[in-house]
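Here the structure comes first, spelled out in structure tokens, and everything after it is commentary.
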Amino acid sequence: MPSVLETSALEFERFYSFINSTKEFVVNTPELQSWTTYVYVSVAVMVLWKLYCLLFVPLNRVRKLSDVGYLTDPGFSKRETANNVRKRRKIGDIPPVYPNGWFGLCESFQIEKKDVKYIEVLGLNLAVFRGENGEAFAVDAYCPHMGANMAAGGRVEGSELVCPFHAWKFRGDDGVCSHIPYCEKVPSVAKVKSWPVMEVNGWIYLWFHAEGIDPSWFPYTIEGIADGSWKYGGRTEHYVNSHIEEIPQNGADVVHLEHVHSPLLGAGVDLRYMWSKFWGFGHHVWNAQWSAESSPNEHIGVMKLGHSIKCFGDNLSIIDMEVIAKQIGPGIVYMEFSSALCTGVYIQSLTPVEPMLQKMVHNIYVNWTVPMCIAKFYLLAEAIQVERDIMIWNNKKYESKPLLVKSAEDGLVARHRRWYQQFYSENSPKFTFQKNDLEW
């Protein structure tokens, strides 16, 4: 048996032989001596990576508040312009700022088992966490002991959240403190508020009601997502400087479709320039109607939408799309669509971060046979159309008594406003302040 020294010497000799062989290969291969070879290889790797992302990686398009919807003032940055508009713009006589209903806290994939996430929505400061059994919980973030934020350093044990400051332990389902490490008897008042949550369609939703009433309705399960026949195609995220009611109201405002969403996608999102003659060879055609469902689903509003594109006067039938968009309460929309290229659903989550700041997220799910690049195109198209709306929302005033004319179209807007009133109650929070900067 060879000694340790002999074995080490043998291994070194083999390694040295390998290095020499590699050196000879490079020296005797002219292509590997040229710097252009490495440039070509780098470019090829980059192209392959981009192609891989296009074909297999879901879209993740995030736009901050100042990125979209503002007319930049000369000499000011986008951020400064957004701040100036928020300070100077008239808000109007707005309804209560936080309606009652289910609201998206975050997408399911954003919180793994034993994770804790700090979330500020609806005037609440929440610690949202997932127990070791996979169940999601939401409790008030601040520990009643000495005010530590339990989402900042807290840890999960079982289905309980442990405060990082003094290790008080709170149950996720009811917020009751179950253990204080230096006290034998836990006081009955030691608890935090636990909020009703449910997880469905890839989202963790929270029930908010100003009167403390338990949930009277629930978002329904989308079968294509639940049974796995539809795959995830990506997400877009936007922030909108408006009252929350302005956004779903677009579903009943069928006239705006022609005037905001008619130009082709290539015309961009700036309302000033999208009517350029360069893109005049084609336009989107919309046909929409809105109605509210009857009891027991009176919390659901439905928009039926037909879409097509005309180029040089001819209809591109392959792009024709039929959409049934269901507004589930004030903050959730499920838009199921079908076309020759794709069948699936958009999920829209709309949640107030502040009284006049809404977080809007869109997800797309499509049937498994659809290439990822097609799903991403559909989601990007939706994002471009939404960003046109954001330019309106970010700069408009809420009209509590709009000058509606006697027409079927304005009649739908009036009906939508009456329908939306059901989500306000006696103690719904009113607007009491305005935050004038983007430090949210």
**Item:** Residue among 402, 429 that alone is out of contact with any Lys or Arg (no Cβ under 8 Å at 6 or more places or on another chain) and in the same structural domain as residue 254 (by TED's automatic domain parsing)
**Value:** 402
**Asked** So which of 366, 345 ends up being touching a helix residue (DSSP H, G or I) at 6+ places or on another chain (Cβ under 6 Å), assigned by TED's automatic domain parsing to the domain that holds residue 264, among the β-branched types (Val, Ile, Thr) and over 30 Å from residue 83 (Cα atoms)?
**Response** 366
**Prompt:** Consider residue 113 against the criteria (1) under 22 Å from the mean Cα position of the chain (by Cα); (2) within 23 Å of residue 244 (Cα to Cα); (3) basic (Lys, Arg): it satisfies all of them except one. Which criterion is unmet?
**Reply:** (2)
**Item:** Count of region 59-75 residues which are more than 17 Å from residue 270 (Cβ to Cβ) and either more than 20 Å from the chain's Cα centre (by Cα) or of a type in the set (Gly, Ala, Ser) (or both)
**Value:** 1
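Considering only residues that are among the acidic types (Asp, Glu) and in a loop (DSSP other than H, G, I, E, B), look in region 91-147 and name the one that is nearest to residue 431 (Cα to Cα). Break it down into steps so the answer makes sense when it comes.
Let us first name the residues in region 91-147 that are among the acidic types (Asp, Glu), namely 93, 107, 112, 115, 120, 132, 135, 140.
Imposing the further condition that a residue be in a loop (DSSP other than H, G, I, E, B) reduces the set to 93, 112, 115, 132, 135.
Working: 93: 9, 112: 35, 115: 33, 132: 39, 135: 34 Å.
Result: 93.
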**Asked** Looking at region 261-282, is at least one residue without any contact (Cβ under 8 Å) to a residue 60 or more places away in the chain, assigned to a loop (DSSP other than H, G, I, E, B) and closer than 21 Å to residue 325 by Cβ?
**Response** yes
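Is it the case that residue 165 is of a type outside the set (Val, Ile, Thr), touching a helix residue (DSSP H, G or I) at 6+ places or on another chain (Cβ under 9 Å), part of a loop (DSSP other than H, G, I, E, B) and surrounded by fewer than 22 Cβ atoms within 10 Å (Cβ to Cβ)? Please lay out each step first, then the result.
Working: of a type outside the set (Val, Ile, Thr): yes; touching a helix residue (DSSP H, G or I) at 6+ places or on another chain (Cβ under 9 Å): no; part of a loop (DSSP other than H, G, I, E, B): yes; surrounded by fewer than 22 Cβ atoms within 10 Å (Cβ to Cβ): yes.
When the stated conditions are applied, residue 165 does not pass them.
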**Item:** Sole exception among (1) part of a strand (DSSP E or B); (2) more than 16 Å from residue 333 (Cβ to Cβ) for residue 290, by number
**Value:** (2)
**Message:** Just to be sure I understand, how many residues within region 399-420 are surrounded by 13 or more Cβ atoms within 10 Å (Cβ to Cβ) and of a type outside the set (Ser, Thr, Tyr)?
**Reply:** 10
**Prompt:** If you scan region 400-424, which residues turn out to be within 27 Å of the chain's Cα centre (by Cα) and in a loop (DSSP other than H, G, I, E, B)?
**Reply:** 424
**Any pair with Cβ under 9 angstrom, 6 or more apart, that starts in region 49-66 at a residue that is in a strand (DSSP E or B) and ends at one that is of a type in the set (Lys, Arg)** = 59/235; 59/376; 60/235; 61/235; 62/235
**Item:** Filtered residues of region 276-298 (kept if aromatic (Phe, Trp, Tyr) and exposed (fewer than 14 other Cβ atoms within 10 Å of the Cβ))
**Value:** 278, 281
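Any idea which of 310, 304 is more than 18 Å from the chain's Cα centre (by Cα), over 29 Å from residue 51 (Cβ atoms) and modelled with pLDDT under 95? Spell out how you get there, then give the answer.
Numbers: 304 fails: modelled with pLDDT under 95.
None of the others qualify; the one that does is 310.
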**Asked** residue 70 versus (1) assigned to a loop (DSSP other than H, G, I, E, B); (2) over 30 Å from residue 298 (Cα atoms); (3) touching a strand residue (DSSP E or B) at 6+ places or on another chain (Cβ under 7 Å): which is the lone unmet condition?
**Response** (3)
**Message:** Among the residues in region 136-156, are any over 21 Å from the mean Cα position of the chain (by Cα), surrounded by fewer than 17 Cβ atoms within 10 Å (Cβ to Cβ) and of a type in the set (A, V, I, L, M)?
**Reply:** yes
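The values are calculated or read from the model by the stated rules, or taken from the named source; none is laboratory data. Everything quoted here is computed from the prediction, not taken from an experiment. Virtual Cβ from ideal backbone geometry, glycine too; neighbours counted across all protein chains shown.
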